[in-house]
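Everything below concerns the one structure shown next.
Every number in this text was worked out from the coordinates using simple rules, so none of it is lab data. What you see is a predicted model; the values in this text were computed from it and never measured. Note that each Cβ is placed from the backbone with ideal geometry, even for glycine, and that neighbours are counted across all protein chains shown.
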Amino acid sequence: MSGGVDSAVAAARAAEVGYDVTGVHLALSRNPQTYRSGARGCCTLEDARDARRAADVIGIPFYVWDMADRFHEDVVDDFVAEYAAGRTPNPCLRCNEKIKFAAVLDRALALGFDAVVTGHHARKGTDGLLRRSVDLGKDQSYVLAVLTREQLDHSIFPLGDSTKAEVRAEAARRGLSVADKPDSHDICFIADGDTRGFLHERLGATPGDIVDAETGEVLGAHEGAYAYTIGQRRGLDLRRPAPDGRPRYVLSITPVTNTVTVGPAEALEVSRVSGERPVWTAGPLPAGEVECEVQLRAHGEPVPATVRVDADGLVASLHRPVRGVAAGQAVVAYRPDPAGDVVLGSATIATTERAGVPA
Amino acid sequence: MAYLDHAATTPMLPEALDAYAATARELGNASSLHAPGRHARRRVEESRERIAAALGARPSEVIFTSGGTESDNLAVKGIFWARRADEPRRSRIIGSAVEHHAVLDSVEWLVRAEGARVTWLPVDDRGRVEVDALRAALDEYGDEVALTTVMWANNEVGTVQPIADLASLCVAHEVPLHTDAVQAVSQVPVDFAGSGVAALTVTGHKLGGPVGVGALLLGRDVACTPLLHGGGQERDVRSGTLDVPGIVAFATAVEAAVKARAEYAARLSEIRDALVAGVRAAVPDAVLNGDPTNRLPGNAHFSFPGCEGDALLLLLDAQGIACSTGSACSAGVAQPSHVLLAMGADDDRARSSLRFTLGHTSTRSDVEALVAALPAAVERARRAGAVRAARA
């Protein structure tokens, strides 16, 4: 229970249908004061208090579990290392993979519990498959697509059939004071939302060149390639405009040469994505090619694709090009379904190709 | 429910609750000059005399406070400030390594904010302060020590300290000794004048009185700078309108607890010994922490190898058994106990510990409930501990 509205309502629903529910708040910071303050976070003392009050109102026991060391190693350190390697990680996904449905679930199972209940907006039906929430705007199946079938079997998502608005209204009806607490959007361990500053503190200044993709000309300088993400347009601070006057975007980041490469928007278009470390949430994919949809970032549009499974992972050939695909994000495969698109599995994006040209 | 956490707080004694309710209906500020004020003042002064008589102090030595934390802060900071103001070279504090956070953090604050220096006295593997360590510290630093502070009995492992020996050393060096006796009063004999200490902390809710009222027994000749300034109600050392019903109930509880102490201690010892034997039979590798003989009669403190204390607490709580891991920080995250670490325990043993404490409502059936629930809880907590260890 993060102290937010979703986990509070999820706990209330689970308790109401007869589960023996115990509320757990994760202490993720070694020093709670250093993480985000105010009402928007998931790690502050105030949030711990909100979670405790929600548990009181629901009438369930409540404990704080200290996961600070594991969170730091598996999520925060990984986040920094991924940026240093020129990739763009999704820490929420990593937290689900390593903390919520691993460290927490393992401990819970050992202590005699059967499952972890979370407030994620996603559905798990009687068939045990993971599906998108009915609220497509709030759907969080993307960040859950790292779960193995076994983890999924021990997970309960009571909110998947409701919209966020319905969840808030229910929280108010249940007398949960977090009913109108704002949604959290930022990364919970970056106190002020300044990711660039956070990385700079940990990785230091590593000045390098910003280079034109077509001419190889040096167009500017940067203080650290980790501060850039694929598809970024703002804040490039280039010395002169492109000859054609069109905006330029970050196309790639090359840690070896510490180079940020920029170019026109159409050069961002990716038509083939390879993924490593696949997880088959719905069970192993059949050999050969599978027609499905893939989503390439949180809240990204799903696109039709042909997915081929190979020894190292998967290759997704997109039926139409997508812009701004970053290595380190997840490629999540869905099978369209009127009862909610089914998550087939996911992999970490390793390389991308645009219209036959490796990026 | 089996409530085995009386060291955290114990239910009010019926006579204390009655005294509270009766006095709370009465009108009057004890500092007012009119008849209702005089009536309230009389209640306070009668209470002061009852507490003084029960604890071997003079009435004027009883300073009412809001409880243990305030009394500890007042003694440590107030005596330090007064002593250093009188003799500027006296800026060192000697304290035991196993003090309650109300003392530890007060001392650390004086180090950070006031330039105090500190000598922490080690304890042996039973949690007992080594008298020779105090002797050595006083021999080395005697003329620069502002005060020494050593608790009468430890709140976590229940070890009773050799206060008389420590006090006589301090007296010889003209250094005031403060002792936090919050856990001791009601369980072991406490005589303020006879002990030779300069200041003693006592609180209501650990002995059957209300929460929010306590006292610092402060020797008549011991200078102490106030923490709270205002009306100067308590010997000009402590200000704030006196909580008359709280003070009357506190005095009632102290008087009753001290009067019944010997019989009470014998009864608690018997239940506690049954608890220790029962836990050992249920979990043969459980380790009893603290001093096997010099300990509070209501305290049993174990380490359960391979378990995390907070996992055990959760599992026992689900079975209706209330106990404690000993210490918690503001976010509710258990830290390994500084007391266990000072006793030479490693991090794992410190994290695997659980405290069971008895009080006036404890019975053998509480012990039976614990012993019945413990094996399954330990087995599950071990599985959880193994999951953690496998990763580390």
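Let me know the volume per residue of the alpha-carbon convex hull for region B:154-200, in Å³.
Cα convex hull per residue, to the nearest whole number: 69 Å³.
Determine the equivalent ellipsoid of chain A by diagonalising the alpha-carbon gyration tensor, then write out the semi-axes as square roots of 5 times the eigenvalues, largest first, rounded to whole Å.
Rounded to whole Å, the semi-axes are 37, 25, 17.
Quote the FRET efficiency, to the nearest 0.05, computed for A:ARG173 versus A:ALA115 with a Förster distance R0 of 35 Å and r equal to the Cβ-Cβ distance.
Between A:ARG173 and A:ALA115 the formula returns 0.90.
What length, rounded to one decimal in nm, is gained on full extension from A:ARG277 through to A:ALA265, with 0.36 nm per residue of separation minus their alpha-carbon distance?
Stretched out fully, the A:ARG277 to A:ALA265 stretch lengthens by 1.4 nm.
Using the number of other C-beta atoms within 10 angstrom as an exposure proxy, rank B:GLU114, B:GLU144, A:GLU170, B:GLU61 with the fewest first.
Listing B:GLU114, B:GLU144, A:GLU170, B:GLU61 from fewest to most nearby Cβ atoms yields B:GLU114, B:GLU144, A:GLU170, B:GLU61.
For region A:81-193, what ratio Rg/Rh do Cα atoms give with a Kirkwood hydrodynamic radius?
Ratio of gyration radius to Kirkwood radius: 0.99.
State log₁₀ I(q)/I(0) for the protein assembly as shown at q = 0.05, 0.09 Å⁻¹ as given by the Debye formula over alpha-carbon point scatterers of equal weight, solvent excluded.
-0.36, -0.93
Grab the beta carbon distance between B:ALA262 and B:ALA372, set R0 = 41 Å, and tell me the FRET efficiency rounded to 0.05.
0.85
Could you work out [θ]222 nm for chain B from helices alone, using -39500 (n - 2.57) per DSSP H run of at least four and dividing by all its residues? Round to the nearest 500 deg cm²/dmol.
Mean residue ellipticity, 222 nm, calculated: -13500 deg cm²/dmol.
Any chance you could check the Cα centroid distance between region B:34-66 and region B:120-178 for me, in angstrom?
30
Holding the Cα-Cα limit at 32 Å, pick out from A:LYS181/B:LYS77; A:LYS98/A:LYS164; A:LYS181/B:LYS206 the pairs that are longer than that.
As for pairs spanning more than 32 Å Cα to Cα, those are A:LYS181/B:LYS77; A:LYS181/B:LYS206.
If you take every residue apart from B:LEU314 with its C-beta less than 12 Å away from the C-beta of B:LEU314, what net charge results, scoring Lys and Arg +1 and Asp and Glu -1?
-1
What distance in nm separates the simple spin-label points at A:GLU73 and B:ARG117, each placed 7 Å from Cα in the Cβ direction?
So the two model labels end up 4.1 nm from each other.
Could you tell me whether chain B comes out rounded, prolate or oblate from its Cα gyration tensor? Rule is a ≥ b ≥ c as square roots of the eigenvalues, rounded for a/c under 1.5, then prolate if a/b exceeds b/c, otherwise oblate.
Oblate is the answer for chain B, as a/c is 1.5 or above yet b/c matches or exceeds a/b.
Taking a temperature of 20 °C and a viscosity of 1.002 mPa s, what whole-number D in µm²/s does Stokes-Einstein yield for region A:121-180 with Rh from Kirkwood over alpha carbon pairs?
The diffusion coefficient I find is 175 µm²/s.
May I ask you to derive the FRET efficiency for B:HIS229 and B:ALA35 from their Cβ-Cβ distance with R0 = 25 Å, giving the value to the nearest 0.05?
The calculated FRET efficiency here is 0.30.
If you build a Gaussian network model of chain B, linking Cα atoms that sit under 10 Å apart, which residue out of B:VAL213, B:VAL287, B:VAL76 swings the most?
Answer for the Gaussian network model of chain B: B:VAL287.
Considering only C-alpha atoms, what is the centroid distance from region B:221-260 to region A:203-278, in Å?
Each part's Cα centre sits 71 Å from the other's.
Which one, B:ARG135, B:ARG272, B:ARG351, has the greatest fluctuation when you compute a Gaussian network model over chain B with C-alpha springs under 10 angstrom?
Ranking B:ARG135, B:ARG272, B:ARG351 by mean-square fluctuation puts B:ARG135 first.
So for region A:269-358, considering every pair of alpha-carbon atoms, how many percent are separated by more than 19 Å?
29
Neighbour counts of other C-beta atoms within 10 Å: give me B:VAL367, B:VAL339 arranged from fewest to most.
Placing the least packed residue first, the sequence is B:VAL367, B:VAL339.
Where does the charge balance sit around A:TRP65 when Lys and Arg score +1, Asp and Glu -1, over other residues with C-beta under 9 Å from its C-beta?
Residues near A:TRP65 contribute -1 overall.
Provide B:PHE250, A:PHE71, A:PHE62 in ascending order of the number of other Cβ atoms located within 10 Å of each residue's Cβ, fewest first.
Ordered from fewest to most neighbouring Cβ atoms within 10 Å, B:PHE250, A:PHE71, A:PHE62 come out as A:PHE62, A:PHE71, B:PHE250.
Modelling each spin label as a point 7 Å along the Cα-to-Cβ direction, I'd like the B:ALA53/A:VAL134 distance in nm, to one decimal.
7.3
Just counting partner chain Cβ atoms within 10 Å, what average do the residues of peptide A:22-29 show around their Cβ?
Averaged over the peptide's residues, the number is 2.
Once label points are set 7 Å from the Cα along Cα→Cβ at both B:GLU87 and A:GLU301, what is their separation, rounded to one decimal in nm?
8.3
All other residues with a Cβ under 12 Å from the Cβ of B:ALA249 taken together, and with Lys, Arg as +1 and Asp, Glu as -1, what is their net charge?
Around B:ALA249, the surrounding residues sum to -2.
Using the Cα gyration tensor of region B:1-130, with a ≥ b ≥ c the square roots of its eigenvalues, what is the shape: rounded (a/c below 1.5), prolate (a/b larger than b/c) or oblate (neither)?
It comes out oblate by the Cα gyration axes.
Under 1.5 on a/c is rounded, so check that first for region B:168-246, then, if it is not, pick prolate when a/b is larger than b/c and oblate when it is not; a ≥ b ≥ c are the square roots of the alpha carbon gyration tensor eigenvalues.
Oblate, because a/c is 1.5 or more while a/b does not exceed b/c.
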